[in-house]
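The structure under discussion appears below in the form of structure tokens.
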Amino acid sequence: MNYQHSNNLSAQNLSVLSDALSGVALGLEPNAHQMASLRKLAVLYKRAPSMDTDALIRLWLDGPDASANVVNVSESDLLSVQTAVMEGMQSELNDLKELVGKTVKTELTINIDGTIKNLGSGHRHPVFEDVLTSAALRENVYLVGPAGSGKTYIAEQVAKALDLPFYEYGAISMEHKFEGFIDAHGNYVETMLYKAFKDGGLVLFDEMDASNPNALLCLNAMLANDVASFPCGMVEKHPDFVVIATGNTVGHGANAQYVGRNPMDGATLDRYINIPMDYDQDLERALAGNDAWVDYVQAIRAAAIDHKMRYIVSQRASIKGAKLLAAGMSLEKVKAYVIFNKGFNETDIEKIEASEQVQSATRALAA
């Protein structure tokens, strides 16, 4: 390495990158860990992580001005990194990497709740870039948003974009789910968290606010320190270990909508960058493919919020309802099945349907 990155990078980032990229040279194929580190370097320099391997190596060896082939990514280009909110990307990983760099128009196919929709090269969710950048810097993220807003899929696609192994947990009730245990034969039973901590990877803790707060406390030392205690002994944290947690609340406990949520310890919350997200209404419209129905669902959602009602009207109602309507099911049945049968009482339905916005959307839907 001829370039002094210390002028641009923090000492911590430079130390981690120097260890990972030792021996990297033009003409030698980097291993998977080195490629992930080179892409992290590109993100730190606001470059396109999808540029070719030689350009990434030149960026490390000779700095950001080393080659005309190193593509600067403008603010608008960075917005196009937001390729994969609420989706299970169906294209090959190389296509996804290309989308992350977004140096060319690329067709995007996403999947939510089994519904596959081609979105072309258009709308991107506003928070994807922030989550990607944070994870690339190995900062742990807590994504807070309503049910069905796509938090889990963002985590999956960030892992793919950064070439990190992906591990997923649901709500955790016992510490051994994280730490593992010694079985009756004296053998250590590994966990996904242990593998990621030791060998690198992105761990998703889905619905963290529904987990046992005491079980979460065992994570604090792992997230804050470079070594952690497991039943098999002390383990050094891999530089590519990072956590994305998701929840429906900010960590203060249950509310009117999410009654099964637990308060989280302040020390736990302090370990994360807190990134709020909401339903992306433009993406919701693109996924459903039925504008009149989406207008109706969004009007119901807005009316429920205006009346301070605790009902959840997620974008799943738009997607599932559009599918049922396309299959020929009657409008009244679809309204009941995907919205009103989920706990709405008759008095609240009357209040919601009296809303001017809902009435307007109802007329358009019936036309």
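Restricting 14, 9 to those that are at pLDDT below 90, surrounded by 14 or more Cβ atoms within 10 Å (Cβ to Cβ) and part of a helix (DSSP H, G or I) reduces the list to 14.
The C-beta contact set for region 142-156 (first residue assigned by TED's automatic domain parsing to the domain that holds residue 319 and on the phi > 0 side of the Ramachandran plot, second residue at pLDDT below 80 and buried (at least 22 other Cβ atoms within 10 Å of the Cβ), distance under 8 angstrom, 6+ apart or interchain) is empty.
Answer yes or no as to whether residue 155 is over 27 Å from residue 319 (Cα atoms) and at pLDDT 50 or above. Please lay out each step first, then the result.
Details: over 27 Å from residue 319 (Cα atoms): no; at pLDDT 50 or above: yes.
No; evaluated as a whole, the condition is false for this residue.
For region 194-223, the set of residues classified as within 20 Å of residue 143 (Cβ to Cβ), in a helix (DSSP H, G or I), of a type outside the set (D, E, K, R) and modelled with pLDDT of 75 or more consists of 196, 208, 219, 220, 222, 223, listed by residue number.
So for region 60-69 (the condition being more than 25 Å from residue 241 (Cβ to Cβ), in a loop (DSSP other than H, G, I, E, B), free of Cβ contacts under 8 Å to residues at least 40 places away in the same chain and in contact with a Lys or Arg (Cβ under 6 Å, 6 or more places away or on another chain)), does at least one residue qualify?
yes
Kindly indicate the residue of region 312-349 that is small (Gly, Ala, Ser) and without any contact (Cβ under 8 Å) to a residue 12 or more places away in the chain and also nearest to residue 147 (Cα to Cα) among those meeting that condition. Reasoning before the result, please.
Our first condition is that a residue be small (Gly, Ala, Ser); within region 312-349, this holds for 314, 317-318, 321-322, 326-328, 330, 336, 343.
Checking the rest, the ones that are also without any contact (Cβ under 8 Å) to a residue 12 or more places away in the chain come to 327-328, 330, 336.
Working: 327: 25, 328: 27, 330: 26, 336: 19 Å.
Taking the candidates together, the pick is 336.
Kindly establish whether residue 136 is assigned by TED's automatic domain parsing to the domain that holds residue 215, at pLDDT 85 or above and over 23 Å from residue 283 (Cα atoms).
Values: assigned by TED's automatic domain parsing to the domain that holds residue 215: yes; at pLDDT 85 or above: yes; over 23 Å from residue 283 (Cα atoms): yes.
Considered against the rule, which asks whether it is assigned by TED's automatic domain parsing to the domain that holds residue 215, at pLDDT 85 or above and over 23 Å from residue 283 (Cα atoms), residue 136 comes out as yes.
So in region 21-57, with the set limited to residues that are of a type in the set (A, V, I, L, M, F, W, C) and part of a loop (DSSP other than H, G, I, E, B), which one is nearest to the chain's Cα centre (by Cα)?
Applying the first criterion (of a type in the set (A, V, I, L, M, F, W, C)) to region 21-57 yields 21, 24-26, 28, 32, 35-36, 38, 41-44, 48, 51, 55-57.
Filter once more, keeping what is part of a loop (DSSP other than H, G, I, E, B): 21, 24-26, 28, 48, 51.
On the way: 21: 27, 24: 30, 25: 33, 26: 33, 28: 33, 48: 20, 51: 23 Å.
This residue is 48.
I need the full set of residues from region 167-193 which are more than 21 Å from the chain's Cα centre (by Cα) and assigned to a helix (DSSP H, G or I), in order please. Walk me through how you get there before you give the answer.
We begin by selecting, within region 167-193, every residue more than 21 Å from the chain's Cα centre (by Cα); these are 173-177, 179-191.
Residues satisfying the conditions are 176, 177, 179.
Here residue 347 meets each of (1) part of a loop (DSSP other than H, G, I, E, B); (2) surrounded by fewer than 16 Cβ atoms within 10 Å (Cβ to Cβ); (3) of a type in the set (Ser, Thr, Tyr) with one exception, condition (1).
Listed conditions (1) surrounded by 15 or more Cβ atoms within 10 Å (Cβ to Cβ); (2) assigned to a loop (DSSP other than H, G, I, E, B) are all met by residue 322, apart from (2). Within this structure, residue 352 fails the test of being in contact with a Ser or Thr (Cβ under 9 Å, 6 or more places away or on another chain), surrounded by 19 or more Cβ atoms within 10 Å (Cβ to Cβ), in contact (Cβ under 8 Å) with a residue 12 or more places away in the chain and among the β-branched types (Val, Ile, Thr).
None of 235, 203 is in the same structural domain as residue 271 (by TED's automatic domain parsing) and over 25 Å from the mean Cα position of the chain (by Cα) except 235.
The values are calculated or read from the model by the stated rules, or taken from the named source; none is laboratory data. This structure is a prediction, so every number in the text was calculated from the model and none was measured. Backbone-built Cβ (ideal geometry, glycine too); neighbour counts: all protein chains shown.
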